[in-house]
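Here's the structure, in structure tokens; my notes come after.
Every number in this text was worked out from the coordinates using simple rules, so none of it is lab data. Everything numeric in this text was worked out from a predicted model, so none of it was measured. Note that each Cβ is placed from the backbone with ideal geometry, even for glycine, and that neighbours are counted across all protein chains shown.
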Amino acid sequence: MNSSVPEGWVLGKLGDFCEVIRGVSYKPENLRATGSADTVTLLRSNNIQSGSLNFDDVQFVDIGKVKQNQKARFGDIAVCMSNGSKRLVGKNAVFQKKCDEQAYSVGAFCSIVRTLGESSDKFIAQILQSDQFVKQVEFSLAGSAINNLKDGDLKEYHFAFPPLPQQQKIASILTSVDEVIENTQKQIDKLQDLKKATMNELLTKGIGHTEFKDSELGRIPRSWGVTTIGDLFRNIKVLTSDAPDLPLYSLTIEHGLVPKPDRYVRDFLITNSDKDNYKLVENNNLVMNPMNLRWGAIAAHHGARNVCVSKYYDILELRDKKLSILFYENLFQSKRFLNLYESIATGTLEEKKRVHWSDFQHLKVPNPPREEHPKLQQAFRSVEQMLEVQYLKHGKIQSLKKSLMQDLLTGKVRVSVD
């Protein structure tokens, strides 16, 4: 980090302004099935999600295993210190619940960062979300086979600290942007719930049907048929070695969604020497990660942009281009199909299980008449468009927040304190 700081600021170690407290070590026999006055609610790495704490999947540990300073306080920050995925090490979130009403702590793979003395806990929370923090975490992990931070690593991280009144002002500005981001996310969550309800209706009842019949898939509209995935889709090949060099964008699947163009991992040229390692994804192809189907890792690529994926992904192309790709994309992401993927997955270890095309192609799916597909496509698309508007808004606000952090946390733009 540059040693020059604005006048009145100091370049200091995080350990000069915070203490770092390692999480609770425990044995299985120390856990309890439910929470009580004799337990502490324990959060782990999976509870730190997108800059906030999720309390859906927690553990309860005997209160005797938790030291007093390990009990979280309002404004403390939970930090992931060790994870199988390097990119998740360092993720963090603030305890915003009233910790005097219920005892919370973190597991041994996490730590608590607690502000000391005359420092703003909200300002510290913002610098732990900054690029400066991420870069120092990456430096700590570089060259190591173990994705693990020590408490001493965090204490040595350097940041520019303004006087307390400026810390509070900066934190107030950035927190107000966080509130807008949070409200936008709530709108997205509501639309996601609406999407689930709408998708379920369209996938099982279609549009405007009044007559239904029993089938091997359950009740479906009378005019619908039943067919196999293999009858509808072909599994396309890898890039051929004699194909011309292509400018492609590498992509991955995240939570069942192919990233939007501005989130592509990297822009690069696929040359003859490495074409056999990639597959070309064309508009309205389905991308399927056969190693990750239990989490719904299957999605359609929408757009004319050339993209590619690893050769280990399956690329499915509709044999009849007049059919609705959105109908089948949502069908394959439905709960029923997630259960089917589980039933046909092979492999002895859970993390090594995969679904093979030879089995996948024989799964049965509903088959609406060809003339109904344009209406289905439009219905699905209208819901997607509402979500895309909110995703775009969310992304713009996040970009604004990132720019503000760079300006305010480095002193490039100074704030006035009334």
Original post:
Against the longest alpha carbon principal axis of the chain, how many degrees, from 0 to 90 and to the nearest 10, is the axis of helix 131-141 turned?
Top reply: 90 degrees
Original post:
So what is log10(I(q)/I(0)) for the chain at q = 0.06, 0.08 1/Å, when the Debye sum runs over its Cα atoms only?
Top reply: -0.34, -0.59
**OP:** Filter the trypsin sites (Lys or Arg not before Pro) in region 1-59 down to the DSSP loop ones having no more than 10 other Cβ atoms within 10 Å, then list what survives.
**Re:** none
Original post:
Picking from Asp57, Asp16, Asp178, which is most flexible by a Gaussian network model of the chain using Cα springs under 10 Å?
Top reply: Asp57
Original post:
Given +1 on the Cβ of Lys and Arg, -1 on the Cβ of Asp and Glu, and no further charges, what dipole in debye does the chain carry about its Cα centre, rounded to the nearest 20?
Top reply: 360 debye
**OP:** With θ set to phi - 60°, apply the Karplus curve 6.51 cos²θ - 1.76 cosθ + 1.60 along region 192-198 and write out the HN-Hα couplings as whole Hz, x wherever there is a Gly or Pro.
**Re:** 5, 5, 4, 4, 4, 5, 5
Original post:
Got a sec to turn the phi values of region 160-176 into Karplus ³J(HN,Hα) couplings, 6.51 cos²θ - 1.76 cosθ + 1.60 with θ = phi - 60°, whole Hz, x for Gly and Pro?
Top reply: 8, 10, x, x, 3, x, 6, 4, 5, 5, 4, 4, 5, 5, 5, 5, 5
Original post:
Between Ser215 and residues 5 or more places away or on another chain, which pairs have amide H atoms under 5 Å apart, with H built 1.01 Å from N, and which residues are they?
Top reply: Ile220
**OP:** Let me know the longest stretch in the chain that avoids all GluC sites (Glu not before Pro) found in a DSSP loop with at most 16 other C-beta atoms within 10 Å.
**Re:** 283-418
Original post:
For Ser111, Ser176, Ser130, what ranking results if the residue with the fewest other Cβ atoms within 10 Å of its Cβ goes first?
Top reply: Ser176, Ser130, Ser111
**OP:** Quick one: which residues, 5 or more positions from Gly35 or on another chain, have an amide H under 5 Å from its amide H? H modelled 1.01 Å from N in the peptide plane, none for Pro or chain starts.
**Re:** none
Subject >> Most mobile of Ala142, Ala108, Ala297 in a GNM of the chain (Cα contacts under 10 Å) >> reply: Ala142
Subject >> Other-chain or far-sequence residues with amide H under 5 Å of Gln59's (modelled H) >> reply: Leu42
Subject >> Cα centroid separation, region 305-380 to region 55-81 (Å) >> reply: 41 Å
**OP:** Return the sequence-ordered ³J(HN,Hα) values of region 10-22 in whole Hz as given by the Karplus equation 6.51 cos²θ - 1.76 cosθ + 1.60 applied to θ = phi - 60°, using x for Gly and Pro.
**Re:** 10, 8, x, 7, 4, x, 7, 10, 9, 9, 10, 10, 5
Subject >> Theoretical FRET efficiency, 1/(1+(r/R0)^6), r = Cβ-Cβ of Phe139 and Phe212, R0 45 Å, to 0.05 >> reply: 0.15
Subject >> 0 to 90° range, to nearest 10: angle between helix 373-408 axis and the chain longest Cα axis >> reply: 20 degrees
